[in-house]
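The values are calculated or read from the model by the stated rules, or taken from the named source; none is laboratory data. The shown structure was predicted, so the numbers you read here are calculated from the model rather than taken from an experiment. Neighbour counts are summed over all protein chains in view; Cβ atoms, including those assigned to glycine, are modelled from backbone coordinates with ideal geometry. Ligands, DNA and RNA are stripped out before the accessible areas are found, and what is left, the full protein with its side chains, is counted by its heavy atoms. Shrake-Rupley method; radii C 1.70, N 1.55, O 1.52, S 1.80 Å.
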Amino acid sequence: MQQPVTEEEAAYEPPTYTYDEVFPALPESATSASPTVNQLGQWNSKMRIGSSVVTQVFRVPFEERKFDHSDKFGEGESLRTCLHIMKETGAHIEISSSKDQSLTFLVTGKQSAVLDARRKILQHFQTQASTTISIPKEHHRFILGKSGTKLRDLEKTTATKISMPNMADNSDKIVVTGTKEGIEKAVHEIRVTSDEQSKQAYERVNVPKIYHPFICGPHNDSLNALIAETGVRINVPPLSVQKDEITIAGEKEGVMLAKERILAVHQDMEKKCTTVSVEVPKSQHKYVIGPRGNTIAEILQSTGVSVEMPSNDNSTGTITLRGPHDKLGLAVELNTTSTLGNYATEAGCNELDWIELYLDFALNMVYEKANSVRTAVVNAPNWIHKYIIGRKGANIRVITQDLAKVHVEFTEKEDHIKIEGPPEEVEKAQQALETMASDLINKLIFIELTVDPKFYKHIIGKNGANVNRMKDDLGVVINISEGEGKNIIRIEGNKAGVEAAKVELEEMVHKMENEKEKDIIIDHRFYRNIIGTKGDNIREIRDMFNQVQITFPGPAEKRDVVKVRGPKEDVDKCHKYLTKLVKELNESSYMLEVPIYKQFHKFIIGKAGANIRKIRDETQTKIDLPAEGEKSDVIAITGKKENVEEAKDRILKIQNELANIVTEEITIPPKFYNSLIGAGGKLIHSIMEECGGVAIKFPSADSNSDKVTVRGPKDDVMKARQQLMELTSERQLTSFTAKVRANPQHHKFLIGKSGANIKKIRDLTGARIVFPTDKDEDKETITIIGKQESVEMAKAELEATIKEIDNIVESEMVVEPRHHRHFVARRGEVLHRISDECGGVMISFPRPGVVSDRVVLKGAKDCIELAKLRIQETVEDLESMVTIECIIPQRHHRTVMGVKGFKVQGVTQEFDVHIKFPDRDAQEEYYNHQSTDGEIETQVNGEVEQEVVEPIRVCDVIRITGIEGEVEVPFDFHRSIIGQKGRDVRELMDRYDVHIVLSPADQKLDVIKISGTPECVERAKEAVEERCKELELERQDRLLKSHELELEVDPEFHPKIIGKRGAVITKIRLDHGVQISFPKKDDPDERIIKIQGYEQSVLAAKEDIMKIVNEYNDMVKEEVSIDSRVHSRLIGARGRNIRKIMEQFNVDIKFPRNTDPDLNIVTVIGTEENVMDTKDHLLNLEEEYLQDVTERELQDSYRANFGRGEGDDGGQGGEAGGGPGFVVKGGPWEQRAPDTASTAEFPSFGGGGDVPRSVPAAGAWGPRR
């Protein structure tokens, strides 16, 4: 500790300077405590989390609704659709229907989820339109935005689907699909973006929204005329977009002219417009607007007055009419032609009254449209609605067939009927419906019965027989409902029928309530005893309990459950009786098999069966002996267990008294066990039978014992022993072995066809010959087993045959040169295969350039003959292919092939052939092109003089081979079969010696064509079909593994989920076999974690992640101020101390970094109780450690002072020790007294500004070493 102090002292020049002179205070040091508080405040403000849940309300008008066309009343599929959307987006949706049949949706959730849900709702519930706009291709990228984010945001906010052409497509058409309002918004935003990026003139004109109708005109006539006149694009925001800005883009002159005209209309209307407000009920607004706003356009066209409607979410019914002052000219014209003019003339209006008169005329039109439709309500209980409607709507059709404009609406959950239409027709329909409803209410009644659902199937009957009978006999309607805690049977109809049906149903229910059903488990083997001969026993039981039905499972059923059904008391008695009966049968069915030597059976039976009858009667058991002709010696005893044991003892006692049973062991080598036992144990069983049924037992295979046990009567045991020993001696004589070595390739010739050769040797010598199998390591050794003379004779025969096979011979055969290439192609693959199949025969074809048809074969004679046969079969296959030759001079081949073979590929694809071009260096004359009469046939190409005939060369001959086979392969798999850069398809062609043609990319055919020899084509087909199966399995697996789930998790928990060095997330990935991706630091969706894999694995991984998140969600976080000087003591060597504290209190403790504003803040995370305990413990340790720190600092300062005195004055140590000459006044060490923990005395200590240099605050892990 003295070294750093000495280095600090070296900076004091001269020693009489004060600390403030040497180290002037920084401007912020005086208020160091203040920023600390602010920083803590800022940290706390960062921890505040605002609500991210938003709520949005929107409406779908009736005329824009998309109906689901279901036959149900009420919502139909609407609720199910909303639930599906809620599940997909995570937003909460509430749906309600208004009187005007419009739908209102309230969507709550995260902003992105709400927008996504809104878009899906409008797709399902609002009629979708589509429009196409032309936007310059160079502007598309600005509409898309970075990675398509701008386009996705636009689709969300407008609830539309926007389709843009591909980069490779030259089209500039953009298709927008969605609701009318959404399309207008999207088109507006797209045009604004395009106009902004346009290189031509672009202007923005701010015109208040209220004047836009006058600029556009009725049906946009004025706007279209202006666009046609100026040739520019004018984008006026639609009514649904609350913007005043109008954009103009195009040629500069046209833009300026259009801007001037628009501003002129705006200024003119601003001066002359007058407004009138009128109250119209909200429900009548749709009639004022008209279909697609046509009525408002008609009013604007007829009167020049704009009608402004309130927004859908506005509860007020005020409609504003806005029109100009100077319509006098039009008014005068209307004076002679219109109702308005006649009205004005009769009223004697002057020019000053025309303004109000003109607005009055528009107002009258509004009122007329609003009151053109009337709504009425007829009170009728909802249960009689179906009778008013009639079968397939017959009754309601009678009422409405003459009232075409009337709309009648029945609501399932409401007790009234809504009628809408023209007032006169509505009144007629209302009167007819009220009359019909009143009549039905007087005639019909209904009753509801609460019945347990378990009785429903009995009430309904088989195929509805019971219910249908009551409906037909009583003329009532019976509805059975189950669910939502209500189990009700509803009866509707005339009073008498309903009462009768009620009585009958109550009687059925009462009878069934008193019934009971019980199951009893009875083993199948007891059924015959319980049922009895011809059912006598079960008939007696049924007579005893005549109200009970007993049902046994059928013979094919593998169940042991017997059902007992009937009145409760009788069922209980019957169940008790059957249980007792089964128990007795179970006790008396114990069976035991006792082996007794056959010769003693007659003594056990006794004279006239006296002994066996006595044992049966006294032990009350059933004893079955084998029949006289049977070979079995087992006696079966059946009965109660204790009785069976007694009978067994008595039978064994008789046997032991009659014979002296002995046991003897014989030593036999284990290698002879199999031969002594024989196939299926036949040999050993025959010995046992011959020797009086003695028991012979061989040791188990893993016992390594050679002792065979024989048990039975003494004479029989000796007889069996003698036979076993004789057989063993015989086996030893016939177990002589010898070995012969032969080339494994010659084994097949030694065996012969169907084993003929080896069978001949076996019959001749009587020896057994064993060839090595695939599992044997030594493939050359052949083993011969048998008697010595037989083995030696067989060995001599084999050696002679092997010597004959080993004599290599040479043979020749003729193969046409045109087939040579097939055999030697791909490094002689075909030759190698033939050689391996034919005992390693060496086959030599002529070298390239040597004209010869001679093929040389070397090897064993039989092998050579077999190889010749294989080669001949291959040649026949090659000759079976259809090949023609086309003579074209070699100099024209490049032209025929085209660039990169383009032309010849076209011919190949069109005619399904394989074309082989010759080697251009083969300049020798071609002699094989002959006619049938042996003369040279000259092929003439083009118009040439007859005397000019070129000789035909080998390089002029092009061979065309027909396609041999096709394989059905989906076009999607073609790319996988081709492989990377054609590697896989080339490998197939090389391996199977075929030519493979795949479908052109533009045709997308599901066929692959293969040409070659029939054998090769078939093998290639099998390989392609096998590859297709593999690809199909891979595709299905990819589909299953492509399930993706997005999980929203606070980024604060991401490090916890990842774990130290990714340990936690790696374990989750490996456990469930999924891919988990976290967002990047600056990603806008930084809360989204994506999981991809099999659906079950994804859900399991999600659960593991949510367990971690929920665990940390339940924890609290507490910040504790601990002096940074003791942090290293708290942490300990390599974090040992702090880990111990974290394990002790089960918390997570985080120390500040060097860059943190306050180095004293320590964060503790865990459960509330553990955090508080940890906090107290840390504060206690701080207090303890601070005492040591202050004491050490005080000692260091004294030691430093003493060292300085000696260094300056040499021998004046005593004087220097008390002299102040070298002590800096006002230093930080003077401000730090031993009681530095006192915050009242040192209020700025926590800010960190007064930390002395001797103990630098270098972070939580202490100073660098």
Over segment 679-737, the set of residues outside any helix (DSSP H, G or I) and open to solvent by 100 Å² or more (accessible area, probe 1.4 Å) is Lys697, Asn704, Arg711
Of the conditions (1) out of contact with any Asp or Glu (no Cβ under 8 Å at 6 or more places or on another chain); (2) open to solvent by 70 Å² or more (accessible area, probe 1.4 Å), the single one that Glu664 does not satisfy is (2)
Practice problem: Return yes or no: is Gly629 open to solvent by less than 60 Å² (accessible area, probe 1.4 Å) and of a type in the set (Gly, Ala, Ser)? | Solution: no
Taking the condition at pLDDT below 80 and open to solvent by 40 Å² or more (accessible area, probe 1.4 Å), does Ala756 pass?
yes
When you scan segment 232-241, do you find a residue that is surrounded by fewer than 19 Cβ atoms within 10 Å (Cβ to Cβ) and part of a helix (DSSP H, G or I), even just one? no
Across (1) at pLDDT below 75; (2) of a type in the set (A, V, I, L, M); (3) open to solvent by 80 Å² or more (accessible area, probe 1.4 Å), Met881 clears everything bar (3)
Counting only residues in segment 907-919 that are surrounded by 12 or more Cβ atoms within 10 Å (Cβ to Cβ) and at pLDDT below 80, the one nearest to Gly849 (Cα to Cα) is identified as Lys916
*Meets criteria (touching a strand residue (DSSP E or B) at 6+ places or on another chain (Cβ under 6 Å) and either part of a helix (DSSP H, G or I) or open to solvent by less than 20 Å² (accessible area, probe 1.4 Å) (or both)) for Thr320*: no
Of the residues in segment 1060-1074, those that are of a type outside the set (A, V, I, L, M), out of contact with any strand residue (DSSP E or B) (no Cβ under 8 Å at 6 or more places or on another chain) and open to solvent by less than 80 Å² (accessible area, probe 1.4 Å) number 2
The residue that is farthest from Thr158 (Cα to Cα), considering only those in segment 80-97 that are of a type in the set (Ser, Thr, Tyr) and in contact (Cβ under 8 Å) with a residue 24 or more places away in the chain, is Thr81
Just to be sure before I move on: is Gly535 closer than 30 Å to Ile651 by Cβ and without any contact (Cβ under 8 Å) to a residue 12 or more places away in the chain in the structure I sent? no
Restricting attention to segment 731-747, the residues that are in contact (Cβ under 8 Å) with a residue 60 or more places away in the chain and either among the β-branched types (Val, Ile, Thr) or closer than 11 Å to Ile802 by Cβ (or both) number exactly 4
Given the conditions (1) more than 25 Å from Lys640 (Cα to Cα); (2) open to solvent by less than 100 Å² (accessible area, probe 1.4 Å); (3) touching an Asp or Glu at 6+ places or on another chain (Cβ under 9 Å), every one holds for Gln547 apart from (2)
Flag if Ile491 is within 17 Å of Lys386 (Cα to Cα) and without any contact (Cβ under 8 Å) to a residue 60 or more places away in the chain = yes
The residue from Glu427, Glu434, Glu414 that alone is within 21 Å of Lys99 (Cα to Cα) and assigned to a loop (DSSP other than H, G, I, E, B) is Glu414
Of the candidates Glu155, Glu189, Glu229, the one satisfying the condition of being at pLDDT 85 or above, at negative phi, in the same structural domain as His266 (by the TED database) and not polar (S, T, N, Q) is Glu229
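The rows are residues; the columns are (1) in contact with a Gly (Cβ under 9 Å, 6 or more places away or on another chain); (2) within 30 Å of Leu474 (Cα to Cα); (3) among the aromatic types (Phe, Trp, Tyr).
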| position | (1), (2), (3) |
| --- | --- |
| Thr375 | yes, no, no |
| Gly390 | no, yes, no |
| Ala394 | no, yes, no |
| Pro423 | no, no, no |
| Ala429 | yes, no, no |
| Met436 | no, yes, no |
| Ile441 | no, yes, no |
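A quick yes/no check of all residues on (1) modelled with pLDDT under 80; (2) open to solvent by less than 70 Å² (accessible area, probe 1.4 Å); (3) within 30 Å of Ile978 (Cβ to Cβ):
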site	(1), (2), (3)
Ala1020	no, yes, yes
Cys1028	no, yes, yes
Glu1044	no, no, yes
Ile1058	no, yes, no
Ile1076	no, yes, no
Gln1096	no, no, no
Counted residues in segment 250-281 being farther than 29 Å from Ser311 by Cα and modelled with pLDDT under 85 come to 4
Taking segment 507-530 and keeping residues out of contact with any strand residue (DSSP E or B) (no Cβ under 7 Å at 6 or more places or on another chain) and open to solvent by 80 Å² or more (accessible area, probe 1.4 Å) leaves Glu507, His510, Lys511, Glu513, Arg525, Arg528, Asn529
